[in-house]
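Read through the structure below, which is laid out as structure tokens, and then see the notes.
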Amino acid sequence: MKYEFADDLQKIAEDISIILFPHVQLDRIKCLRSYGTSSRGTIARCHALGKLMQKAMGVRAFYALEFLVERFEKLSDEEKIKTIIHELMHIPKTFGGGFKHHDVVTRKNVDILYKVYLDKKREQSGEIGSKNESRGWW
């Protein structure tokens, strides 16, 4: 596996976090692209530094969002944003190194938050009530 920082995805994740997940500490998350996966069906993953390792190392919680290039890059812009939302949803409000599981992080909940995100982006850009989706920020 090869990993590289994904500054473009980092900016989007930070924007989404500011709007939807204010508990996310932007300086404690990083987005990376990975190459050469052999996993089946995985598009992205959320990794955390668990509490034991935090204590042993004397550091606070940290989350890495991994986007598997072979699958993620084939997605539409909408699905990419939904995938980023999905991964950020795994980060609990305590921001302590744990995870929210797939009983909470569901397609239905991702779709709801995606709509909220688009509405707030429209409000910010002055497109209140507009049915046109601005894609300039992607």
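Just so it is clear, none of the values below were taken in a lab; they were calculated from the coordinates. For clarity, every value in this text was computed on a predicted model and none was experimentally measured. With ideal geometry, Cβ positions are generated from the backbone for all residues, glycine too; neighbour counts draw on all protein chains shown.
Points worth noting:
- Cβ crowding within 10 Å ranks ILE91, ILE43 as ILE43, ILE91, fewest other Cβ atoms first.
- Most positive-pole-ward Cα, THR94, TYR63, TYR35, against dipole of the chain from beta carbon charges: THR94
- With both labels modelled 7 Å from their Cα along Cα-to-Cβ, the GLU79 to SER39 distance reads 1.7 nm.
- Counting only DSSP beta bridges whose two residues both lie in the chain, roughly 60 percent are antiparallel.
- Correct option for Cα extents along the principal axes in Å [calculated from the coordinates] among (1) 37, 30, 27; (2) 49, 37, 21; (3) 51, 32, 29: (3)
- As a proxy for reagent exposure, LEU49, LEU26 were ordered by neighbouring Cβ count within 10 angstrom, fewest first; the result is LEU26, LEU49.
- Centroid-to-centroid separation of the stretch 1-49 and the stretch 56-115 [C-alpha atoms, Å]: 7 Å
- Each helix, a run of at least 4 DSSP H residues, gives -39500 (n - 2.57); summed and divided by the residues of the chain, these come to -12500 deg cm²/dmol at 222 nm.
- Of GLY50, GLY41, GLY97, the one that fluctuates the most in a GNM where the chain has Cα springs shorter than 10 Å: GLY41
- Farthest toward positive dipole pole in the chain [+1 Lys/Arg, -1 Asp/Glu at C-beta], among TYR114, ALA13, LEU52: LEU52
- Cα-based reach from LYS108 at 27 Å (exclusive), listing lysines while leaving out same-chain residues under 8 positions away: LYS11, LYS30, LYS74, LYS80, LYS82, LYS93, LYS100, LYS120, LYS121, LYS131
- Shown here for the stretch 18-102: GluC sites (Glu not before Pro) in loop regions (DSSP other than H, G, I, E, B) with at most 16 other Cβ atoms within 10 Å, namely GLU73.
- Magnitude of the charge dipole, the stretch 1-47, Cβ model with Lys/Arg +1 and Asp/Glu -1, debye to 20: 300 debye
- Estimated dipole of the chain in Debye, rounded to 20 [Cβ of Lys and Arg +1, of Asp and Glu -1, Cα centre]: 480 debye
- Put in line by how crowded their Cβ is, counting other Cβ atoms within 10 Å and starting with the fewest, THR94, THR106 read THR94, THR106.
- In summary, the helical segments of the chain meeting the span-like criteria, namely a full DSSP H run, a Cα extent along the axis of 15 angstrom or more and a mean Kyte-Doolittle hydropathy of at least 0.0, are 7-20.
- Longest DSSP-loop-exposure-free segment, trypsin sites (Lys or Arg not before Pro), the chain, at most 15 other Cβ within 10 Å: 1-39
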